[in-house]
Each structure stands twice: as structure tokens, then as C-alpha cells.
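*Asks:* Here it is, the structure, as C-alpha cells.
The values are calculated or read from the model by the stated rules, or taken from the named source; none is laboratory data. If you're wondering where the values come from, they're calculated on a predicted model, not measured in any experiment. Note: ideal-geometry Cβ built from the backbone for every residue, glycine included; neighbour counts use all protein chains shown. SASA here: full protein model, heavy atoms, side chains in, ligands and nucleic acids out. Shrake-Rupley method; radii C 1.70, N 1.55, O 1.52, S 1.80 Å.
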Amino acid sequence: QAQLVESGGGLVQAGGSLRLSCLASGLTFSTYGMGWFRQAPGKERDFVAAISRIRSTASYLDSVKGRFTISRDTAKNTVNLQMNNLKPEDTALYYCAAWYGFDVVRSPNAIELWGQGTQVTVSS
């Protein structure tokens with residue numbers, strides 16, 4: 001059974017850093033695009049970052065460009081999100097996501113597999 005398990009969330013002050021990790025199991029990791037979405041209370045689930053299965057092409061939400069970096073390690077079946085210079089508006093439940101195929105996906109409707117989420121809270 002395919003599964004995504006996130007780790008690395010927590011509480012940090014504004015300007016600080018966190019590194020989220022997602023371990024994939026039960027799927028052929030190299031055939032899936034991977035990404036991160038987030039959902040704040042009372043809001044919709046939004047795209048944050050994605051990385052393709054081929055050439056590791058990355059795409060980012062405009063507001064996180066230059067602060068967040070997504071990477072994947074095929075040998076370890078993991079995808080990471082390094083988050084620097086965090087802001088209070090980054091506070092949300094962060095979800096790891098996977099989809100089969102070549103393209104970078106930005107829509108939650110196109111996601112085939114979700115993790116359970118990890119909480120990121122940034123205090124001002």
C-alpha cells in the first residue's frame with residue numbers, strides 16, 4: 001500500500017528555518033512527481049512547491065521563491081522542503097503529495113496520494 005509520511009514540522013520564530021521531509025513507500029518513487037501543499041485554518045489547500053520525476057525540475061509558489069527549496073533523493077525515497085526566513089503567514093499544515101507522470105502539478109485536484117500532514121507554526 002502506497003504511503004507518504006511527513007516529518008520535521010514544529011514551532012519557530014519569524015526568520016527561522018525548518019526542514020520538512022517526506023518518506024514514500026509502496027510506490028516506485030522514480031516514476032512519481034512529488035510536492036508540498038499547505039492548508040491554513042479556514043482556507044483552501046494551496047500549492048507550495050513541486051519537483052518533477054525527470055530532471056528534478058522545480059516549481060514554487062511566488063511568495064516562497066528564494067526562501068524555500070524542494071529536493072528529492074531517489075536512493076532514499078524522500079522529498080525534502082528546506083524553509084528559510086520563515087514568516088507568520090507560512091503557518092499551516094503542510095502536506096506531502098505525489099502524482100504519477102512527467103509534469104509538475106500545482107492543483108490539489110491532480111494529486112493521487114497525500115501524506116497525513118505536519119504542522120508548521122511561525123511566531124512573530
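*Asks:* So if I place +1 on the C-beta of Lys and Arg and -1 on the C-beta of Asp and Glu, and nothing else carries charge, what would the dipole magnitude of the chain be about its Cα centre? I want it in debye, nearest 20.
*Replies:* Details: 12 positive and 9 negative charges, 46 e Å.
In debye, rounded to 20, the chain gives about 220.
*Asks:* Related question: On a full-extension model of 0.36 nm per residue, what is the gain between Gln3 and Asp73, subtracting their alpha-carbon distance, rounded to one decimal in nm?
*Replies:* On the way: separation 70, 0.36 × 70 = 25.20 nm, distance 1.64 nm.
The Gln3-Asp73 span can extend by a further 23.6 nm.
*Asks:* Right, something else. Taking Lys43 as the anchor, which lysines have their alpha carbon closer than 22 Å to its alpha carbon, excluding any fewer than eight residues away along the same chain?
*Replies:* Those lysines meeting the cut-off are Lys65, Lys87.
*Asks:* Please work out the average accessible area per residue across the chain, using the 1.4 Å probe convention, and give it in Å².
*Replies:* 51
*Asks:* Here's something else I'd like to know. Please give the net charge around Arg38, taking every other residue with its beta carbon less than 12 angstrom from that of Arg38, where Lys and Arg add +1 and Asp and Glu add -1.
*Replies:* With Lys, Arg at +1 and Asp, Glu at -1, the neighbours total -3.
*Asks:* Between Lys87 and Ser30, take the C-beta separation as r, use R0 = 22 Å, and let me know the FRET efficiency to the nearest 0.05. Don't skip to the end; give the middle numbers.
*Replies:* Numbers: r = 34 Å, r/R0 = 1.53.
Efficiency for this residue pair is about 0.05.
*Asks:* Using 0.36 nm times the number of residues separating Ser123 and Ser107, minus their current alpha carbon distance, what extension gain do you get? Provide the component values of the computation, followed by the final result.
*Replies:* Values: separation 16, 0.36 × 16 = 5.76 nm, distance 2.82 nm.
So the chain would gain 2.9 nm between Ser123 and Ser107.
*Asks:* Return the carbon/sulfur percentage of the accessible area of the chain, one whole number, probe 1.4 Å, all protein chains in place. Please list the in-between numbers first.
*Replies:* Details: 2990 of 6300 Å².
On the chain, the fraction of accessible area on carbon and sulfur atoms equals 47 percent.
*Asks:* Between Asp62 and Gln116, what FRET efficiency comes out of the Förster formula 1/(1 + (r/R0)^6) with R0 = 41 Å and r the beta carbon distance, rounded to 0.05?
*Replies:* Approximately 0.90, to the nearest 0.05.
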